[in-house]
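A.B. asks: Below is the structure I would like to discuss, written out as structure tokens.
The values are calculated or read from the model by the stated rules, or taken from the named source; none is laboratory data. Because the structure is a prediction, the values reported are computed rather than measured. Virtual Cβ from ideal backbone geometry, glycine too; neighbours counted across all protein chains shown. These area figures cover heavy atoms from the full protein model, side chains too; ligands, DNA and RNA do not enter into them. Shrake-Rupley method; radii C 1.70, N 1.55, O 1.52, S 1.80 Å.
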Number of protein chains: 2
Amino acid sequence: MFFLKPTKKRIYLDHAAATPLNKEVVAEMVSVLQSSFGNPSAIHQEGIMVRNIVENGRAKVATVLGIKPTGVTFTSGGTESNNLAILGLVEKLHQEGRAYSDMEVLTTKIEHPSISEVLPVLTAKGVMVRFIEVDNEGKITVSALEAVLSPKTVLITFAYANSEVGVVQSVSRLTRVVRRYQKENQTKIFVHIDAAQAPLWLPCQLERLDVDLMSLDVGKCNGPKGIGVLAKRGLVSLAPILFGGGQEQGLRPGTENVACIAGAAKALEIAQANYQARAERVSLVRDNFIELIKQTVPEVLLNGLEGEERLANNINISLPKIDTEFAVVYLDTHGISASTKSACAGAGSGESKVVAVMTGDTKRAKSTLRLSLGEETTMSDMKYVLDILIKYRQKMEKLTK
Amino acid sequence: MFFLKPTKKRIYLDHAAATPLNKEVVAEMVSVLQSSFGNPSAIHQEGIMVRNIVENGRAKVATVLGIKPTGVTFTSGGTESNNLAILGLVEKLHQEGRAYSDMEVLTTKIEHPSISEVLPVLTAKGVMVRFIEVDNEGKITVSALEAVLSPKTVLITFAYANSEVGVVQSVSRLTRVVRRYQKENQTKIFVHIDAAQAPLWLPCQLERLDVDLMSLDVGKCNGPKGIGVLAKRGLVSLAPILFGGGQEQGLRPGTENVACIAGAAKALEIAQANYQARAERVSLVRDNFIELIKQTVPEVLLNGLEGEERLANNINISLPKIDTEFAVVYLDTHGISASTKSACAGAGSGESKVVAVMTGDTKRAKSTLRLSLGEETTMSDMKYVLDILIKYRQKMEKLTK
């Protein structure tokens, strides 16, 4: 369709929802798609060739995450990884003899649907789900965590960095509390983090964070859609949630997605290779914009924290006076891609559940605007965005007068 | 690795496990990977562009299968499609108030692991799984079906064409029996077929076959791995088996695999466009080979049927005198890719469960060799294969003398 074809430079600020593919990643995938088509389980040459691609990919991902290759399970994306981590762990413990009613899973009320929508499945089984309170900025505090830990706790699951408001949880600090608790109470508690938003901006080594399980979505870090990783450290046993062949050590059946696995390895390598420099650069642009919009649009409210506890590329503001859903459309006509909230939570409509939970302010939650920056986003891009936003605000003011 | 690089023409006879990608499919995918990266749920230009790709793909697949676009659900492959069909239907009926103990699911003992491994999940819930007997050739007869139908039957699930022995079930004849039974007994029975092996060789229109649900795996018909379709006709309600965002009408969460969806549509279009001519051509090669090997290797046993009730590209023989697992390795060193059985059932080792069930003959089941042909396979290729097989047999005879 002609009118949808981009004709001039776009300013894409929806990297939290989807990222452009890295050229090296595309090259890697195209090479696999064009030359290697065997089934990795086959024992002939074509099979061995693709088995090598899969296992090389696994080894690379393992190295990036600082775990053993056996700790890498490839899935169809972040959603499946989160489902497998949560349901797979609880199911495995149940199979090992632990009653559902003897298990508690801790999480927060600001999680992505691929965590929050799994919870009713747990409660239907008789597992108790308890919510860790988050503060006004979306942060899990040590005291909030301590308040809900119990000898029945088997799993804690939350986002490393929230996809809407960009709050980065102090994972190591929280896991220290958990490890101390489990030692004192002689229990075993597994910590799972949803790191879908992390690889481009934050360290993703499981050891360093002291987590047992980590979900990754390659489509969110310049890799292809349709591929995810569930990373495990040490002795974590899971039950499969899909049933079939013995692929992925019996944990995830179905022919391996060879081309996407090759692309995933490349994307994660590049993402983690220089995340620090990338984060420093982009957070400067982020902070400049936040400063600027505070000065020029006095009613603006920043959702989430400032500084290092905010994801380097995340800006989430509320503009209580204006219809931000229509603002996204207006920005779009001016070449800017933004969103109000998470794409998986229905990009188009309704309030942000995350901001509602954090602030208790419905009006604020209904007027969110998320600008998630990319590596290439410049301050001049952001100045243009601000200009358009101010223009839109003036327009709306005129209309409502 | 140097020694794995193919240096001369290979004769690839493992199309049941994996198929080379069609060049048009690769071109379609590369174009998407290079140019369109948005999240289909986003409401800006990048989002709308990829939403169009996804919905165009869905519309094309729907046209190919003769159903409405809303009947097309994209999954991560045939395994997930089978899981969703079976678990999703039973779960939905349960949610609607039907007790698990009031449900019976019918299947056979020769199904792919992505069906057979789902059955324990059903029985654990209290659903009764009943097996329809297959005859010596793997065929479901009308009388065998009638013997297990009951007022409690809610679902019948089986492979359209068996991936190991290539038996093509008489789907329409079986569904006629089912439709008559459900009318007489005022029940509703859903028929699901696993059509993973079908698109290149058999008609895949749900109406024509009178089935309610059909699983497809795009990697098995010259398309990419990691993408499947669950096709629904008419009023079939399913519950999701993964939990998260509202994608795929709430049935399958997670960001859509845009590039693979575009590739899937193209692959399925091409596969079904001229399946008849393709099947006629390849089945001639198949039949010539079967005739020839019968003449030259008198102890050969053909597993499955001859003629139209056999998948056009499937040859499955038992060579009771020889170690066929090692034969696969020997063939491989002579440039020929074959297998003993299904890759998902562990390509390398053990007996073929399918042949064991069909024939009750363990020795026969331990000496299977599956040659699954492609569109390009010629009679001269197959004569070479026969020569190598005979050479191998002579070698083995000498060794054991």
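Quick grid of which residues meet (1) touching a helix residue (DSSP H, G or I) at 6+ places or on another chain (Cβ under 7 Å); (2) closer than 26 Å to B:Arg98 by Cα:
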residue: B:Asn162; (1), (2): yes, no
residue: B:Gln169; (1), (2): no, no
residue: B:Ser172; (1), (2): yes, no
residue: B:Phe190; (1), (2): yes, yes
residue: B:Pro199; (1), (2): yes, no
residue: B:Leu209; (1), (2): yes, no
residue: B:Gly228; (1), (2): yes, no
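A.B. asks: Search region A:227-252 for residues that are within 14 Å of chain B (Cβ to nearest Cβ) and pair each with any residue that is of a type in the set (Phe, Trp, Tyr) and outside any loop (DSSP other than H, G, I, E, B) when their beta-carbon atoms are under 8 Å apart and the residues are at least 6 apart or on different chains.
C.D. replies: Pairs found: A:Ile227/A:Phe74; A:Gly228/A:Phe74; A:Val229/A:Phe74; A:Glu248/A:Phe74; A:Arg252/A:Phe74.
A.B. asks: Can you name every residue in region B:294-306 that is under 24 Å from B:Asp135 (Cα atoms) and assigned to a helix (DSSP H, G or I)?
C.D. replies: Correct list: B:Lys294 only.
A.B. asks: Just give me the residues in region B:141-158 being open to solvent by 10 Å² or more (accessible area, probe 1.4 Å) and either of a type in the set (A, V, I, L, M, F, W, C) or over 24 Å from the mean Cα position of the chain (by Cα) (or both), in sequence order.
C.D. replies: Scanning region B:141-158 gives B:Val142, B:Ser143, B:Ala144, B:Glu146, B:Ala147, B:Val148, B:Leu149, B:Ser150, B:Pro151, B:Lys152.
A.B. asks: Out of B:Ala27, B:Ala16, report the one residue that is under 29 Å from the mean Cα position of the chain (by Cα), at pLDDT 95 or above, more than 7 Å from chain A (Cβ to nearest Cβ) and not in a loop (DSSP other than H, G, I, E, B).
C.D. replies: B:Ala27
A.B. asks: How many residues are more than 14 Å from chain B (Cβ to nearest Cβ) and of a type in the set (Gly, Ala, Ser) when one looks only at region A:110-146?
C.D. replies: 4
A.B. asks: Now a separate question. Output the residue which, of all residues in region A:289-330 that are in contact with a helix residue (DSSP H, G or I) (Cβ under 7 Å, 6 or more places away or on another chain) and of a type in the set (Phe, Trp, Tyr), is nearest to A:Lys363 (Cα to Cα).
C.D. replies: Once the filter is applied, the top-ranked residue is A:Tyr330.
A.B. asks: Filter region A:34-43 down to the residues that are facing chain B (nearest Cβ under 7 Å) and farther than 21 Å from A:Glu248 by Cβ and list them by number.
C.D. replies: Hit for region A:34-43 is A:Gln34, nothing else.
A.B. asks: Taking the options A:Thr79, A:Thr73, name whichever one is in contact (Cβ under 8 Å) with a residue 40 or more places away in the chain and either in a helix (DSSP H, G or I) or touching a Phe, Trp or Tyr at 6+ places or on another chain (Cβ under 9 Å) (or both).
C.D. replies: Testing whether each residue is in contact (Cβ under 8 Å) with a residue 40 or more places away in the chain and either in a helix (DSSP H, G or I) or touching a Phe, Trp or Tyr at 6+ places or on another chain (Cβ under 9 Å) (or both) leaves just A:Thr79.
A.B. asks: Considering only residues that are within 12 Å of another protein chain (Cβ to nearest Cβ) and at positive phi, look in region A:322-374 and name the one that is modelled with the lowest pLDDT.
C.D. replies: A:Gly346
A.B. asks: Another question, if that's okay. Name the one entry in A:Ile270, A:Ile293 that is touching a residue at least 60 places away in the same chain (Cβ under 8 Å) and more than 22 Å from A:Arg10 (Cβ to Cβ).
C.D. replies: The unique qualifying residue is A:Ile270.
A.B. asks: For the list (1) within 22 Å of the chain's Cα centre (by Cα); (2) of a type in the set (A, V, I, L, M, F, W, C); (3) in a loop (DSSP other than H, G, I, E, B), I need the number of the one condition that B:Phe243 fails.
C.D. replies: Only one criterion is unmet by B:Phe243, namely (1).
A.B. asks: For the condition open to solvent by 10 Å² or more (accessible area, probe 1.4 Å), over 22 Å from the mean Cα position of the chain (by Cα) and more than 22 Å from B:Thr359 (Cα to Cα), what is the one hit in B:Thr63, B:Thr79, B:Thr70?
C.D. replies: The unique qualifying residue is B:Thr70.
A.B. asks: Name the helices (runs of 4 or more DSSP H) wholly inside region A:89-158 in which the number of residues that are closer than 21 Å to A:Asp210 by Cβ is 3 or more.
C.D. replies: A:142-148
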